[in-house]
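For reference, the structure is listed below as C-alpha cells.
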Amino acid sequence: MVGLSLREERIIELLRENGEVSVATLSERLNVSSVTIRSDLKGLAAKGIIVRTRGAAMSAYHPLLAEKQQSNVEMKEAIAKAAASLVHDGDRIMITNGTTSALIGKYLLGKRDVQVVSNSTLLIPYARMNPNIALTMVGGEFRPSAEALVGPAALKQLQEYHVALTFTGTDGFTLDHGLTTHLMENAEIVRQMCAQATRSVLVTDSSKFGKQGFVRILSLSDIDVVITDKGLPQTAVEAIEAMGIELILV
C-alpha cells in the first residue's frame, strides 16, 4: 500500500493471513518491541487500514477483498503499470472497482492534470498522495466486499461524465461469454462506465480467462484494449487479436 513502511506492510500481511493477531505475536514475528508494534498499529488505525482491539488488531478490509488483494500480486502490479502508461497529461478517465484496476492509481504519479471518476474507495489513498490527480467519487451504496459504491445513485451520476478511457477488471472472461461477474450491481456499473468512454480497457490477470461468473457484463468485442499477462493461452491471444482488440501482454 502507498505510503507504508516495510514493517507496516508486513503487519497488514499477517493480519490478512491470520485474522485478529495479538500485539505479542506481531512483536515476536517481526522481532521488534511491543511498544514499536503499538505505535505502528496506532498509525495504521488512523489511516483506516486496521481496526485495533484489546491487545490485538485485525484488518479493516472485508476478508473476501483481502483474499483478492493477495492473489497474483506481481502480475496485477505489472498490468496496472501498463494501464497507467495509456493515460496522458490532461486525460479524463474512469476506473471501476477491483483490486487490479485500483492499482492503476499507484502508477499515475508523474502524470499531470488527470481527472479520475471512480466508484472504488481503494483509489482514495493514491489520490491523497498525488496532488496531480483529481478524484471524483460517485455516490451510492457501499459494498465492503468490493470496497465499492454501487446502485441507482452511482449509475445516475456516471451518466453526467464523458471520458477518454475506462479501465475495468472482471471476475472472469471467455471468448464466448465475454466479461462476467458474480454481482449484478457491479455489472451495471461497469457497463455504464464503458458507455461513457471513448475506449474501454480490460485489466485482468490471465487466471481469470476461462472463468464465467453469474452475471454477464459485456461482450469481449465491446472492449478496445486488453491488458493481461503472458500466461494467456496462445489460442486466446490469436482469437482476441483476430477480433481487432489491442492486446498488451506484460
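Below is a table of values for the structure above.
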quantity	calculated
Checklist (1) part of a helix (DSSP H, G or I); (2) under 26 Å from PRO144 (Cα atoms); (3) free of Cβ contacts under 8 Å to residues at least 60 places away in the same chain applied to ILE37, failing item	(2)
Output for the stretch 19-35, where each listed residue is under 23 Å from THR99 (Cβ atoms) and surrounded by 14 or more Cβ atoms within 10 Å (Cβ to Cβ)	VAL21
Residue match in the stretch 107-121 (condition: buried (at least 23 other Cβ atoms within 10 Å of the Cβ), closer than 28 Å to SER207 by Cα and hydroxyl-bearing (Ser, Thr, Tyr))	yes
Any hit, the stretch 145-155, residues being in contact with a His (Cβ under 6 Å, 6 or more places away or on another chain), surrounded by fewer than 17 Cβ atoms within 10 Å (Cβ to Cβ), in the same structural domain as LEU86 (by TED's automatic domain parsing) and not hydrophobic (A, V, I, L, M, F, W, C)	yes
3 or more residues under 18 Å from PHE167 (Cα atoms) and touching a residue at least 40 places away in the same chain (Cβ under 8 Å): qualifying helices (runs of 4 or more DSSP H) within the stretch 43-154	73-84, 99-102
MET193 being loosely packed, with under 15 Cβ neighbours inside 10 Å and among the hydrophobic types (A, V, I, L, M, F, W, C)	no
Single condition ASN130 does not satisfy, out of (1) over 16 Å from the mean Cα position of the chain (by Cα); (2) at pLDDT 95 or above	(2)
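The values are calculated or read from the model by the stated rules, or taken from the named source; none is laboratory data. Since we're looking at a predicted model, the values are computed, not measured. For neighbour counting, all protein chains shown are included, and Cβ atoms are generated from backbone atoms with ideal geometry for every residue, glycine included.
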